[in-house]
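The next block holds one structure in the form of structure tokens; read it before the comments.
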Amino acid sequence: MKKISFSLFLLIGLIFSIQAQESISKNAIGIRFGNHYGLEVEITYQRMLSPKNRLEMNGGWSSNDNTEAFKLIGIYQWYWNLEKGLYWYTGGGGGFGTWNTDDNYNNEYADDAGIFIVVTGDIGIEYHFKDVPIQLSIDGRPGYVFNNYEKNDFGFNAGLGVRYKF
């Protein structure tokens with residue numbers, strides 16, 4: 001009985017060690033396209049902190065007909081495996097940025113510029129390809145912006161990301 005218990009214990013340990021090796025890569029870098037106040041393009045980097053947590057950092061530029069903005073965001077994320085290669089994640093973070101409005105917008109914001117702070121959440125799903133070091137993600141980021149150029153403090157940014165894993 002002791003040999004069976006010991007063998008079962010070793011088998012369970014082996015299964016968990018194999019499963020741990022199939023986790024998300026330590027690093028991923030890529031690009032994310034979003035839609036917050038017009039087209040948004042971000043360079044995105046993810047760094048695994050533990051087997052279930054990571055940090056995502058984004059530097060991006062957004063533009064609509066009248067305003068351009070640049071922002072830096074950091075998001076702490078928790079992630080879970082749904083199926084082989086398919087994960088979902090959620091998290092929260094914040095950042096800051098700058099904006100500049102051209103003189104053709106309207107008299108209230110003409111030639112206006114400033115600095116803003118953002119607090120954001122994040123929820124999404126991602127797929128990790130088995131044979132190539134690529135991951136695809138779709139996510140949503142509700143956020144509250146302080147000193148926003150549109151004077152609309154709450155926003156939702158939906159995005160599509162493509163990252164190289166290493």
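So which of ILE73, ILE43 ends up being surrounded by 14 or more Cβ atoms within 10 Å (Cβ to Cβ), among the β-branched types (Val, Ile, Thr) and in a strand (DSSP E or B)?
Details: ILE43 fails: surrounded by 14 or more Cβ atoms within 10 Å (Cβ to Cβ).
Being surrounded by 14 or more Cβ atoms within 10 Å (Cβ to Cβ), among the β-branched types (Val, Ile, Thr) and in a strand (DSSP E or B) holds for just one of ILE73, ILE43, which is ILE73.
For region 76-107, the candidate set comprises residues that are under 22 Å from GLY38 (Cβ atoms) and among the hydroxyl-bearing types (Ser, Thr, Tyr); within that set, the residue that is surrounded by the fewest Cβ atoms within 10 Å (Cβ to Cβ) is THR98. Summed over region 64-87, the residues that are at pLDDT 95 or above and of a type in the set (Gly, Ala, Ser) give a count of 1.
With the structure loaded, tell me whether ASN58 is surrounded by 15 or more Cβ atoms within 10 Å (Cβ to Cβ), at pLDDT 95 or above and of a type outside the set (Ser, Thr, Tyr) or whether it fails that test.
Working: surrounded by 15 or more Cβ atoms within 10 Å (Cβ to Cβ): yes; at pLDDT 95 or above: yes; of a type outside the set (Ser, Thr, Tyr): yes.
Yes; evaluated as a whole, the condition is true for this residue.
Mind checking whether some residue in region 91-98 is assigned to a strand (DSSP E or B), more than 20 Å from LEU160 (Cβ to Cβ) and touching a Phe, Trp or Tyr at 6+ places or on another chain (Cβ under 6 Å)?
Going through region 91-98, the residues assigned to a strand (DSSP E or B) turn out to be 91-98.
After this cut, where a residue has to be more than 20 Å from LEU160 (Cβ to Cβ) as well, the list is 92, 94, 96-98.
Among the residues that remain, those that are also touching a Phe, Trp or Tyr at 6+ places or on another chain (Cβ under 6 Å) are: 97-98.
Looking through region 91-98, at least one residue is assigned to a strand (DSSP E or B), more than 20 Å from LEU160 (Cβ to Cβ) and touching a Phe, Trp or Tyr at 6+ places or on another chain (Cβ under 6 Å).
Of the residues examined, GLY140 is not one that is modelled with pLDDT under 95 and assigned to a strand (DSSP E or B). So for region 24-42 (the condition being at pLDDT below 95, under 17 Å from GLY140 (Cα atoms) and among the hydroxyl-bearing types (Ser, Thr, Tyr)), does at least one residue qualify? Checking region 24-42: at least one residue is at pLDDT below 95, under 17 Å from GLY140 (Cα atoms) and among the hydroxyl-bearing types (Ser, Thr, Tyr).
The values are calculated or read from the model by the stated rules, or taken from the named source; none is laboratory data. Here the structure is a predicted model, which is why all the values come from computation and not from measurement. Because the Cβ atoms are built from the backbone with ideal geometry, glycine has one as well, and the counts that use them run over all protein chains shown.
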